[in-house]
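What follows is a set of notes on a single structure, which appears directly below.
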Amino acid sequence: MFYREAGDFKTSYKDDNQTFPIRLDRMGYYIVMFVAFCVVPFFVNDYWVNSVFAPFLIYAIAALGLNILTGYAGQVSLGTGGFMAVGAYAVYKLMVAFPDVSIVIHVLLAGGITAVVGVLFGLPSLRIKGFYLAVATLAAQFFLVWVFNKVPWFYNYSASGQINAPERSVFGVIVTGPNTEAWAKYMICLVFVVVLAWVARNLTRGMMGRKWMGIRDMDIAAEIIGVNPLMAKLTAFAVSSFFVGVAGALFFAVYLGAAEAGESFGIAKSFLILFMIIIGGLGSIFGSFAGAAFMVLLPVLLKNVLVGGLGWPTDLAAHLEFMVVGGLIVIFLILEPHGLAQLWRLTKEKLRLWPFPH
Amino acid sequence: MTTDMNADSYVTEDGRTIGPVVMDLKNITLRFGGVVAIKDISFDIREGEIRAIIGPNGAGKSSMLNVISGFYKPQEGEVYFRGSKRPQMKPYQVAQQGLARTFQNIALFDGMTVLDNIMTGRLNKMKANIFQQAIWKGKAEREEIENREACEKVIDFLEIQHIRKTPVGRLPYGLKKRVELARALAAEPSLLLLDEPMAGMNVEEKEDMSRFILDMNDEFGTTIALIEHDMGVVMDLSDRVVVMDYGKKIGDGTPDEVRNNQDVIDAYLGVSHD
Ligand SMILES: Nc1ncnc2c1ncn2[C@@H]1O[C@H](COP(=O)(O)OP(=O)(O)OP(=O)(O)O)[C@@H](O)[C@H]1O
Ligand SMILES: [Mg+2]
C-alpha cells in the first residue's frame with residue numbers, strides 16, 4: 001500500500017476535516033492508541049514509568065499548553081514553570097481541603113485556577129509584545145515561585161516547606177501517594193494526555209485556532225478582519241494555562257508525590273518546556289509530543305549509553321547533554337523553526353510522491 | 001440618455017441598480033503629527049456601486065481607507081454608516097458591521113493554508129463557544145461545515161481550487177492578492193474596500209482581477225470602494241471616482257467628469273492624456 005491520498009477520496013467536508021486524512025496515518029494512530037492502552041500497561045515497571053512514561057506524558061501536556069500560547073497564538077512565555085506550580089499547589093490545597101472529591105475533578109479545577117492566574121499575567125500581552133512580553137512572563141515565573149515559598153498557607157504550614165500528595169484513588173485504584181502502582185500512574189497520565197491532545201487539536205483546527213494564528217501571523221490584519229485581539233490573546237493564555245496547570249497538578253500529585261516550588265517548578269522548567277516545543281515544532285500538536293519525548297529520552301539514553309555502557313562519569317554525561325540540547329536548539333532555530341514535526345512532514349511529503357517523484 | 005444620479009436610486013447604463021448612500025464621510029481631517037494626510041474631505045459611497053479613489057503617491061488614499069475601516073481615527077469629521085453616525089469603534093467592531101478589506105501590502109496569514117485564511121474571513125458568522133469548539137460537536141462542527149461550503153463557493157468563484165491546502169507563504173504574489181480578496185469576499189461584506197488590488201500584476205492578472213471585481217459587484221451586489229493607479233482600469237470599472245492630491249479632494253464624479261476636470265488633469269493625469 002502506498003502512502004498517499006490518491007484513491008482515498010473525500011466525499012464530504014466532514015471527511016476532509018479529519019485529523020488524519022491519509023489512511024496509513026489513521027492506521028498508525030490506531031496502532032499507537034492500541035499499544036498505549038492495551039499493551040504498555042501490562043509491561044510497565046517502576047523504572048520505565050518514573051524515568052520515561054510519566055515525565056513524557058506530563059511534559060507533553062505542558063508542551064501542548066505552551067505550544068497553544070507560543071506556537072499558535074505567537075505569545076512568548078517564560079512562565080511555564082510558575083504556572084505548573086500554580087496547578088500543583090492548587091491541586092494540593094484542593095486534595096487536602098476536600099478529601100472526598102475525586103482527584104480527577106481536583107486536577108481539572110487546578111487547571112481552571114491556573115487558567116485564571118494565566119489570564120491575569122496575560123493582561124500585559126495586550127500592550128507589549130515579543131521580548132518584552134517574555135520578560136513580563138519571566139517576572140511571573142519568579143513572583144509565583146516566591147509566593148509559594150513565602151506564604152505558608154500554600155504548603156499548609158508544613159515544617160519542611162514541602163507539599164506532599166495524600167493518597168487518592170480513581171475507581172478504587174490508588175493513583176497518588178507512595179503506594180501507587182506503576183501501571184496506575186501511567187494510565188491516569190495517559191488518559192489526561194489523550195483527552196487534552198484531542199481538545200487541543202479541536203481548538204486549533206477550528207475558528208479559535210484560526211484567530212490565534214491570525215494574531216500570531218499578522219495581528220493588525222487579524223483585527224481588521226474582525227478578531228478581537230483582547231479576547232484572542234486572553235483565551236490563548238487561559239487555555240494554555242489550563243493545560244500547564246493540569247500538567248503541574250499531575251507532575252506533583254502523580255509523578256513526584258512531594259514538591260517544593262523553587263526546586264520542582266523553577267525557571268529551568270520553563271526553559272525545558274520551551275525547548276521541547278522549539279525542538280518538537282512550534283504550532284504543532286505532534287511536535288509537542290515529539291519534543292517532550294526527545295527531551296525526556298535524551299538524558300535517559302545518554303545516561304544508559306555513556307555512563308552505563310562506556311563507563312563515563314555521570315557529570316561528564318550531564319554536561320554533554322547540555323551541549324547536545326544547546327546545539328540542537330541553535331540548529332533548529334536557524335534551520336528548521338518548525339522542528340521535528342516539520343522534518344516528519346517533509347518526509348511524508350516525499351513519501352507521498354515516492355516512487356515517482358515527477 | 002441622462003440619469004439622475006441624485007435620485008435615491010438609479011439604474012446604470014449596464015443595468016445595475018445603484019441604491020442610496022451606505023457610507024457618508026463628512027469633513028474628514030487626519031493628521032500624523034505635523035503631516036496632514038487628509039484635509040477636510042467629504043464624499044459618499046452608494047449601495048451597489050464601484051467607487052474609485054485615485055491620486056498620486058502619498059495623496060492620502062490608503063489613509064482614507066484606514067479611516068473607513070476604523071484603523072485610523074480622524075481628528076475631525078464624522079463617518080455615517082447606513083444613515084447613522086458611527087461612534088468611535090475598534091477595527092474589529094467595524095468588521096462586524098459588514099466591512100471587509102484588502103491591503104496595499106498583502107496582509108495574509110503566512111503560516112496558514114489558503115483555506116484557513118479564507119475561513120478566517122467568516123469568523124463573524126461563527127458563533128460556537130470555546131467549549132463547543134473544544135469537543136468539535138454540535139454547533140461547532142455544523143458551523144465548520146456550513147462555512148466551509150460558503151468558502152468553497154468563493155474559492156470556485158476566484159478559481160483557486162488547486163491551492164486550497166497550500167500554505168499561503170509559498171504562493172506567488174498574484175495568487176496571494178487573489179487569496180486576500182477571497183478572504184475579504186468570504187465575509188460577505190456589505191462594503192468591500194480594496195487597496196490597490198492590481199498593483200504589481202501583469203496584464204493578464206489585471207484582466208482576471210477586473211473581471212472578478214465586476215462579477216462580484218454584479219452577482220453579489222457587493223458595494224466596492226477601490227484604490228487603483230492604473231487609469232485605464234479605473235475608468236473601465238468604476239461608477240464614480242474621487243480624486244485626491246496632497247490630502248485634498250480635487251475631483252469627484254463619473255469617470256468622464258473626472259477625466260475632463262481641469263484640476264485633475266493638471267494635478268494627476270497630465271495634460272498629454274487624451
Ligand atoms: N501611520 C502613519 N504615520 C505617519 N504618517 C503617515 C502614516 N500613514 C500615512 N502617513 C503619511 O500620510 C500621507 C498619505 O499616505 P497614504 O499612505 O495614505 O498615501 P497613498 O495615497 O495611499 O499613497 P500610495 O499611492 O503611495 O499608496 C503620506 O505623506 C504618508 O507619509
Ligand atoms: Mg496607499
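What to note about this one:
- The sole residue among A:Gly257, A:Gly214 that is of a type in the set (Gly, Ala, Ser), over 19 Å from A:Ala293 (Cα atoms) and away from chain B (no Cβ under 14 Å) is A:Gly257.
- Looking only at residues of the range B:126-149 that are more than 31 Å from the chain's Cα centre (by Cα) and in a loop (DSSP other than H, G, I, E, B), we find that the one that is nearest to the other protein chains (Cβ to nearest Cβ) is B:Trp136.
- Residue ranges of helices (runs of 4 or more DSSP H) in the range A:1-117 with at least 3 members in contact with a Gly (Cβ under 7 Å, 6 or more places away or on another chain) and surrounded by 15 or more Cβ atoms within 10 Å (Cβ to Cβ): A:80-97
- Residue that is farther than 23 Å from B:Ser210 by Cβ and in the same structural domain as B:Leu237 (by TED's automatic domain parsing), where the choices are B:Ile53, B:Ile38, B:Ile45: B:Ile38
- A:Gly280 being away from chain B (no Cβ under 14 Å), crowded, with 20+ Cβ neighbours inside 10 Å and closer than 12 Å to A:Asn67 by Cβ: yes
- Number of the exception - B:Thr223 against (1) more than 16 Å from ligand 1 (Cβ to nearest atom); (2) over 29 Å from A:Glu223 (Cβ atoms); (3) touching a residue at least 24 places away in the same chain (Cβ under 8 Å): (2)
- For the range B:81-136, a residue qualifies if it is within 16 Å of ligand 1 (Cβ to nearest atom) and among the aromatic types (Phe, Trp, Tyr), and exactly one does: B:Phe103.
- Residue that is part of a helix (DSSP H, G or I), within 14 Å of another protein chain (Cβ to nearest Cβ) and closer than 27 Å to B:Thr254 by Cα, where the choices are B:Leu185, B:Leu193, B:Leu214: B:Leu185
- Filtering B:Gly174, B:Gly138, B:Gly200 for residues that are in the same structural domain as B:Val79 (by TED's automatic domain parsing), more than 20 Å from A:Ala222 (Cβ to Cβ), in contact with a helix residue (DSSP H, G or I) (Cβ under 8 Å, 6 or more places away or on another chain) and modelled with pLDDT under 95 leaves a single hit, B:Gly200.
- A:Ile113 being out of contact with any strand residue (DSSP E or B) (no Cβ under 8 Å at 6 or more places or on another chain), more than 14 Å from chain B (Cβ to nearest Cβ) and β-branched (Val, Ile, Thr): yes
- The selection criterion, being closer than 21 Å to B:Ala107 by Cα, at pLDDT below 95 and small (Gly, Ala, Ser), holds for A:Gly226.
- Those residues of the range A:183-211 which are facing chain B (nearest Cβ under 7 Å) and part of a helix (DSSP H, G or I), in sequence order: A:Val199, A:Asn202, A:Leu203, A:Met207, A:Met208, A:Arg210, A:Lys211
- All of A:Phe252, A:Phe286 fail the test of being more than 29 Å from A:Glu181 (Cβ to Cβ) and either in a loop (DSSP other than H, G, I, E, B) or at pLDDT 90 or above (or both), apart from A:Phe286.
- Among the candidates B:Glu228, B:Glu207, residue that is at pLDDT 90 or above, within 16 Å of ligand 2 (Cβ to nearest atom), on the phi < 0 side of the Ramachandran plot and not aliphatic (A, V, I, L, M): B:Glu228
- Residues that are of a type in the set (A, V, I, L, M, F, W, C) and at the interface with chain A (Cβ under 8 Å from one of its Cβ atoms) within the range B:101-119 comprise B:Phe103, B:Ala107, B:Leu108, B:Phe109, B:Met112, B:Met119, listed in sequence order.
- All positions within the range B:70-100 that are within 13 Å of chain A (Cβ to nearest Cβ) and surrounded by fewer than 21 Cβ atoms within 10 Å (Cβ to Cβ): B:Phe71, B:Tyr72, B:Met89, B:Lys90, B:Gln93, B:Gln96, B:Gln97, B:Gly98
- Only strands (runs of 3 or more DSSP E) whose full extent lies in the range B:1-80 are considered here, and the ones with at least 1 residues that are without any contact (Cβ under 8 Å) to a residue 60 or more places away in the chain, within 14 Å of ligand 1 (Cβ to nearest atom) and among the charged types (D, E, K, R) are B:21-32.
- Sole residue being within 16 Å of ligand 2 (Cβ to nearest atom) and touching a residue at least 40 places away in the same chain (Cβ under 8 Å), chosen from B:Leu181, B:Leu193, B:Leu171: B:Leu193
- Within the range B:25-79, the set of residues being within 16 Å of ligand 2 (Cβ to nearest atom), farther than 29 Å from A:Asn228 by Cα and small (Gly, Ala, Ser) comprises B:Ala52, B:Gly55, B:Gly58, B:Ala59.
- Restricting attention to the range B:55-97, the residues that are touching an Asp or Glu at 6+ places or on another chain (Cβ under 9 Å) and among the small types (Gly, Ala, Ser) add up to 7.
- Matching residues in the range A:169-222 - criterion: being hydroxyl-bearing (Ser, Thr, Tyr) and buried (at least 18 other Cβ atoms within 10 Å of the Cβ): A:Thr176, A:Thr180, A:Tyr186, A:Thr204
Here is a yes/no grid of residues against (1) crowded, with 17+ Cβ neighbours inside 10 Å; (2) touching a Gly at 6+ places or on another chain (Cβ under 8 Å); (3) farther than 26 Å from B:Ile45 by Cβ:
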{"residue": "B:Leu171", "(1), (2), (3)": "yes, no, yes"}
{"residue": "B:Arg178", "(1), (2), (3)": "yes, no, no"}
{"residue": "B:Leu181", "(1), (2), (3)": "yes, no, no"}
{"residue": "B:Pro189", "(1), (2), (3)": "yes, yes, no"}
{"residue": "B:Leu193", "(1), (2), (3)": "yes, no, no"}
{"residue": "B:Met198", "(1), (2), (3)": "yes, no, no"}
{"residue": "B:Glu204", "(1), (2), (3)": "no, no, yes"}
{"residue": "B:Ile213", "(1), (2), (3)": "yes, no, no"}
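- Of the numbered criteria (1) surrounded by fewer than 16 Cβ atoms within 10 Å (Cβ to Cβ); (2) of a type outside the set (Val, Ile, Thr); (3) touching a Pro at 6+ places or on another chain (Cβ under 6 Å), the one B:Asp40 fails is (3).
The values are calculated or read from the model by the stated rules, or taken from the named source; none is laboratory data. Computed from a prediction, not measured in an experiment: that's the story for all the values here. Cβ coordinates were reconstructed from backbone atoms using ideal geometry, including for glycine residues, and neighbour counts include every protein chain displayed.
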